[in-house]
Protein chains: 2
Amino acid sequence: MGTIGELGEFGLIGLLTRRLPRGPDVRLGPGDDAAVVAAPDGRAVATTDLLVEGRHFRRDWSGPYDIGRKAAAQNLADVVAMGARPTALLVGFAAPLTTDAAWAEGLYDGLADECRAAGASVAGGDVVGADAITLAVTALGDLGGRPPLTRSGARPGDVVAVRGRLGWSAAGLALLEEGRDGPAVLIGAHRRPEPPYAAGAEARAAGATALLDVSDGLVQDLGHIAASSGVRIDLDSSAVPVPDVLGPGGLRHALTGGEDHAFAGTFPAEAVLPSSWSPVGVVAEGTGVLVDGREPGRGGWDHFRA
Amino acid sequence: MGTIGELGEFGLIGLLTRRLPRGPDVRLGPGDDAAVVAAPDGRAVATTDLLVEGRHFRRDWSGPYDIGRKAAAQNLADVVAMGARPTALLVGFAAPLTTDAAWAEGLYDGLADECRAAGASVAGGDVVGADAITLAVTALGDLGGRPPLTRSGARPGDVVAVRGRLGWSAAGLALLEEGRDGPAVLIGAHRRPEPPYAAGAEARAAGATALLDVSDGLVQDLGHIAASSGVRIDLDSSAVPVPDVLGPGGLRHALTGGEDHAFAGTFPAEAVLPSSWSPVGVVAEGTGVLVDGREPGRGGWDHFRA
């Protein structure tokens with residue numbers, strides 16, 4: 001089918017938008033100056049991420065379909081972490097004109113399928129030429145009449161709990177960096193995180209006081225809740241789920257590995273959590289995060305320095 | 001103040017967000033998983049653009065403040081072209097870690113000031129490291145209970161009218177490419193377009209049947225209205241505003257030059273337009289755009305091939 005440069009801007013837009021299903025929240029899709037997306041709550045939750053080849057993904061380590069799913073997932077998870085229902089994505093796609101059109105199709109298939117998994121659609125976007133493949137993904141969501149689940153509502157006495165994989169993506173990345181090809185489940189987790197999108201509604205139902213998705217590492221991200229809420233978080237490392245497949249170093253990956261897009265929240269002590277959630281600590285008076293009563297080493301993942 | 005790499009991700013976010021005013025439509029600003037933006041209509045208008053250094057701007061031709069204003073303007077104009085009121089921007093900023101923090105501050109000052117001009121705020125965003133400076137700007141807007149002004153409503157017998165500068169940015173770009181430094185008003189128009197944001201409300205009040213902002217060139221963009229509406233547009237070149245400052249070639253620039261973000265719309269024949277609007281043609285049965293009764297040459301500006 002040739003390159004995206006041969007297709008040209010409008011040819012490429014046509015090729016890609018034909019692959020995108022449109023859900024009922026997209027009132028006006030691609031093809032006009034802007035899209036129109038349902039926001040029945042009267043407020044729109046909105047978040048955006050930039051992903052740059054070589055920094056956030058490598059084409060020799062991940063195919064276009066997985067890159068698309070991951071790019072969508074990290075933004076959809078941000079919407080869910082506000083206690084909102086994802087409605088739509090806008091996707092900016094910059095690529096060299098020599099890029100295979102089939103690669104772009106795979107990317108958009110991945111974006112579309114991850115949207116389907118979260119109940120959203122791709123409502124619009126932009127395509128431009130550039131030296132490096134860059135994705136700009138914006139996700140929108142609806143709060144359904146309820147207040148957002150921010151990072152600032154944790155209170156001393158709350159329980160801290162997590163839902164989803166922790167450290168799997170970091171372990172998979174470590175394997176790729178060593179040139180290894182297994183365990184496949186870890187490499188797969190790096191290529192394509194699986195945020196448990198139901199976690200937002202579950203946390204809401206259980207009375208969550210704060211919620212976020214773990215994008216930079218559990219300890220670092222809990223630090224954001226601690227700072228925003230003006231509390232200390234005491235993490236019990238023995239309660240953090242570390243499956244055998246994570247191998248030696250598994251606890252470190254589970255505490256500091258990012259990009260799995262698990263969810264971490266705080267809940268009133270009396271909250272009844274579904275069994276898919278693991279209590280991993282408590283909220284106390286003070287500041288910062290303690291792991292087993294001690295200051296953790298610098299961990300997490302600062303996208304900007306890395 | 002050093003480089004953005006020395007500041008790190010969270011230091012840079014802090015530096016930049018402190019410069020951003022927050023209007024009443026931003027219910028929750030930067031600092032959580034996502035922003036919350038007012039959408040009182042129950043629908044959100046949403047559009048996104050990617051701008052890549054060397055393709056959409058040059059740092060030796062434009063300073064950071066103007067680049068910020070232009071990046072915001074082109075997205076805010078898209079929202080206005082839907083007949084909506086801009087509420088908020090989300091800004092993704094990718095840059096080499098060696099970029100001066102002062103450059104980034106100038107960029108965000110420009111984004112903030114253009115938002116102010118359009119009545120919007122910067123609600124959130126992302127910063128990442130990259131080899132080339134790249135901006136991903138998403139704009140949101142509110143329809144105020146009215147249907148969107150799309151490209152598909154033009155009807156035979158309608159009048160075509162424009163509001164704003166046409167060809168100024170293209171003329172300014174031509175001067176820069178020739179290494180010239182004047183007329184300053186044209187080079188300024190290239191560096192910093194001034195979309196007449198009031199045009200959306202004016203077009204709505206006058207009963208516009210279709211509206212868009214001229215980003216790729218008048219003839220090409222009117223072609224989008226013609227195609228979406230299933231009509232022909234007959235453009236009268238003698239009615240297109242071509243001020244003396246555009247010099248020789250001014251009509252060509254006015255017909256094919258993009259990036260001024262003027263507005264072009266179609267209106268019922270009996271519509272009363274403010275004097276700031278110039279009638280430039282009529283809508284007829286058929287397809288495509290005729291200029292003075294003839295097929296125009298290929299013009300406009302295909303971002304993707306260029």
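With a ≥ b ≥ c taken as the square roots of the eigenvalues of the C-alpha gyration tensor of region A:204-299, please select rounded if a/c is under 1.5 and otherwise prolate if a/b is larger than b/c or oblate if it is not? Please list the in-between numbers first.
Details: a/c = 1.62, a/b = 1.20, b/c = 1.36.
Oblate.
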### Query
Which angle between 0 and 90 degrees, to the nearest 10, do you get for helix B:64-80 versus the longest principal axis of chain B when only C-alpha atoms count?
50 degrees
## Note on the structure
Residues meeting the amide H criterion for A:THR209 (H placed from the backbone, H to H distance under 5 Å, 5 or more places apart or on another chain) are A:THR266, A:PHE267
#### Entry: Sorted largest first, extent of region B:68-127 alpha carbons per principal axis (Å)
41, 17, 16
### Message
So with the 1.4 Å probe, I'd like the accessible area per residue for the protein assembly as shown, rounded to whole Å².
### Response
36 Å²
### Task
Select from B:GLY68, B:GLY129, B:GLY106 the residue whose mean-square fluctuation is largest in a Gaussian network model of chain B (Cα-Cα springs shorter than 10 Å).
B:GLY129
## Note on the structure
Taking chain A, the equivalent ellipsoid from its C-alpha gyration tensor has semi-axes in Å, biggest first, of 34, 24, 14
### Task
For the protein assembly as shown, restrict the atom set to alpha-carbon positions and state the Rg and Dmax in Å.
24.8, 81
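What per residue convex hull volume, in Å³, do the alpha-carbon atoms of region B:127-251 yield? Walk me through the intermediate numbers first.
Details: hull volume 20.1 nm³, N = 125.
Per-residue hull volume (Cα only) is 161 Å³.
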### Residues with amide H under 5 Å from that of A:ALA44, placed H, sequence gap 5 or more
B:VAL37, B:ALA38, B:ALA39
### Task
Take chain A, connect every pair of alpha-carbon atoms lying under 10 Å apart with a spring to form a Gaussian network, then pick out the residue of A:SER276, A:SER237, A:SER229 with the largest mean-square fluctuation.
A:SER276
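What number, in percent, do you get for the relative contact order of chain B if the mean sequence gap of Cα pairs under 8 Å and at least 6 apart is divided by its residue count?
21 percent
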### Query
How far is helix A:4-17 tilted off the main Cα axis of chain A, in degrees rounded to 10, range 0 to 90?
60 degrees
#### Entry: Accessible surface buried once A binds B (1.4 Å probe; total of both sides; Å²)
5100 Å²
#### Entry: Gyration tensor verdict on region B:12-82 (Cα atoms; rounded if a/c is under 1.5, prolate if a/b is larger than b/c, oblate otherwise)
oblate
### Query
How far is helix A:101-118 tilted off the main Cα axis of chain A, in degrees rounded to 10, range 0 to 90?
40 degrees
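Assuming 0.692 mPa s and 37 °C, estimate D for region B:4-142 with Stokes-Einstein, Rh taken as the Kirkwood radius over Cα pairs, in µm²/s.
Details: Rh = 14.8 Å.
It comes out at roughly 222 µm²/s.
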### Task
List the relative contact order of region B:4-142 as a percent without decimals, with contacts defined as Cα pairs under 8 Å and 6+ residues apart.
40 percent
### Query
What number comes out for the charge environment of B:LEU135, summing +1 per Lys or Arg and -1 per Asp or Glu over other residues with Cβ under 10 Å away?
-1
#### Entry: Occluded residues from region B:1-16, i.e. those whose accessible area drops by 50 Å² or more once the chain is not alone (1.4 Å probe)
B:GLU9, B:PHE10
### Query
Taking +1 at the Cβ of each Lys and Arg and -1 at the Cβ of each Asp and Glu, which of A:ALA132, A:THR99, A:ALA34 sits farthest along the dipole of region A:4-142 towards its positive end, judged by Cα position relative to the Cα centre?
A:ALA34
### Message
Once neighbouring chains are kept in place and the probe is 1.4 Å, which whole percent of the accessible area of the protein assembly as shown is contributed by carbon and sulfur?
### Response
51 percent
### Query
Within a Cβ distance under 14 Å of B:ALA206, other residues only, what is the Lys/Arg minus Asp/Glu net charge?
0
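The values are calculated or read from the model by the stated rules, or taken from the named source; none is laboratory data. Bear in mind the structure is a predicted one, so any value in this text is a computation, not a measurement. Positions of Cβ are backbone-derived with ideal geometry, glycine not excepted, and every protein chain shown enters the neighbour counts. The area values use the complete protein model at the heavy-atom level, side chains included, leaving out ligands, DNA and RNA. Shrake-Rupley method; radii C 1.70, N 1.55, O 1.52, S 1.80 Å.
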